[in-house]
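Below is one structure, written out as structure tokens; comments come after it.
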Amino acid sequence: MIDQIEALAALAEHGTMRSAATRLRVSQSAVSKRLDALEAQLGVRLRERAGRRVRLTQAAERLLERTRPLLAELRLAVVGERSVASGWLVVGVSESILASWGPRVLADVRRRRPELRFRLNAHRSPVAVDLVRSGEYMLALVAGSEVAPAELARETLFEEEMVIVPSGLAKLSLRRGVDLPVLSIEPGSATGRALRAPLARLARERGIRLVPEAGIQSYTAAVQLARAGFGNGLVPRPLALALGVPKSALVALPEPGLRRPIQLVGRAATLAREPASSFALELRAALARAGLSEASGSARTRP
């Protein structure tokens, strides 16, 4: 029955049989058979057609409300036991972090604590958090700020400075009261939502009006497009430097500026026990050594 409820949860999340099957790494017919079997066991309909998508019935919503926490705990127990048995800690990491300071900091953790064995998986931040919530990963190192699911703990490690990469690396001056179109992450992303209020504050207090003109799913792409002259890019400073943009070409924003939070996410019970607790402790120390933690007094990466 666990596989059947997982199929229902995947359908609720993704809306189509095809997407649910992709998420579960099975065929569409396998998902359909699991849902048919679950409906037969419960004696109620759990889905109904809504155009090209599938809509859950109220009975399905009630079932998922009651079983989702149980499924997550079961997956976490399995992942936890596997981790204890194998000695590996499974961590989801934001792609933009792994494209900038992440490898250097995580290598420092591994070098100083070789007994901590961790396996890294690159994802967009919301996906990494969802995989922690589902119990497939133990921790997530992510960017952006969202309301954490009730079952997850979230610690902000530091706030990463956002800067502008001028189009074609040409000289750029910020002018008060003038709209400046920028290439940046899509507004619906975790970081996009986190930047809405600071963008409004920057415009209100400093007269600097940054207007996202294209939603891109990758900060790496935004940096490279800006370098090639497709527009000004609003991106994390460490990522721009890691991709070879000269420090002198970056345009800093006036205070209060823009920053995105870098967070470690996991279940409180997971973070309280080994190996996750030692990993979190060493990660904080490695960030401080790299000049990235709040305790270091700066969220700017070292050149």
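The values are calculated or read from the model by the stated rules, or taken from the named source; none is laboratory data. On a predicted model such as this, the values are computed, not experimentally measured, just so you know. Note that each Cβ is placed from the backbone with ideal geometry, even for glycine, and that neighbours are counted across all protein chains shown. For accessibility, only protein heavy atoms count, side chains too; no ligands or nucleic acids. Shrake-Rupley method; radii C 1.70, N 1.55, O 1.52, S 1.80 Å.
Conditions (1) part of a helix (DSSP H, G or I); (2) closer than 14 Å to Leu210 by Cβ; (3) touching a Pro at 6+ places or on another chain (Cβ under 9 Å), marked per residue:
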position	(1), (2), (3)
Val109	yes, no, no
Ala128	yes, no, no
Val142	no, no, yes
Glu155	no, no, no
Glu160	no, no, yes
Gly168	yes, no, no
Val182	no, yes, yes
Quick check on Arg55: is it open to solvent by 40 Å² or more (accessible area, probe 1.4 Å) and either in a helix (DSSP H, G or I) or more than 27 Å from Pro126 (Cα to Cα) (or both)? no
Of the residues Ala203, Ala153, Ala122, Ala197, only one is more than 14 Å from the chain's Cα centre (by Cα), open to solvent by 10 Å² or more (accessible area, probe 1.4 Å) and closer than 19 Å to Val93 by Cα; which? Ala153
Across the range 244-301, which residue is modelled with the highest pLDDT among those that are of a type in the set (Lys, Arg), under 27 Å from Ala228 (Cβ atoms) and open to solvent by 20 Å² or more (accessible area, probe 1.4 Å)? Lys247
So, first residue more than 12 Å from Leu35 (Cβ to Cβ) in the range 47-64, second residue assigned to a helix (DSSP H, G or I), Cβ within less than 7 Å, six or more apart or across chains; the pairs are Leu64/Leu8; Leu64/Ala9; Leu64/Ala12
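Suppose the filter is under 25 Å from Ser277 (Cβ atoms) and modelled with pLDDT under 85; does Val90 pass it?
No: the conditions fail for Val90.
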Which residue pairs have Cβ atoms closer than 7 Å, lie 6 or more positions apart in sequence or on different chains, and pair a first residue in the range 94-109 that is closer than 17 Å to Glu282 by Cα with a second residue that is hydroxyl-bearing (Ser, Thr, Tyr) and open to solvent by less than 30 Å² (accessible area, probe 1.4 Å)? Trp101/Thr301
Within the range 215-228, does at least one residue satisfy the condition of being of a type in the set (Ser, Thr, Tyr) and farther than 30 Å from Asp130 by Cβ? no
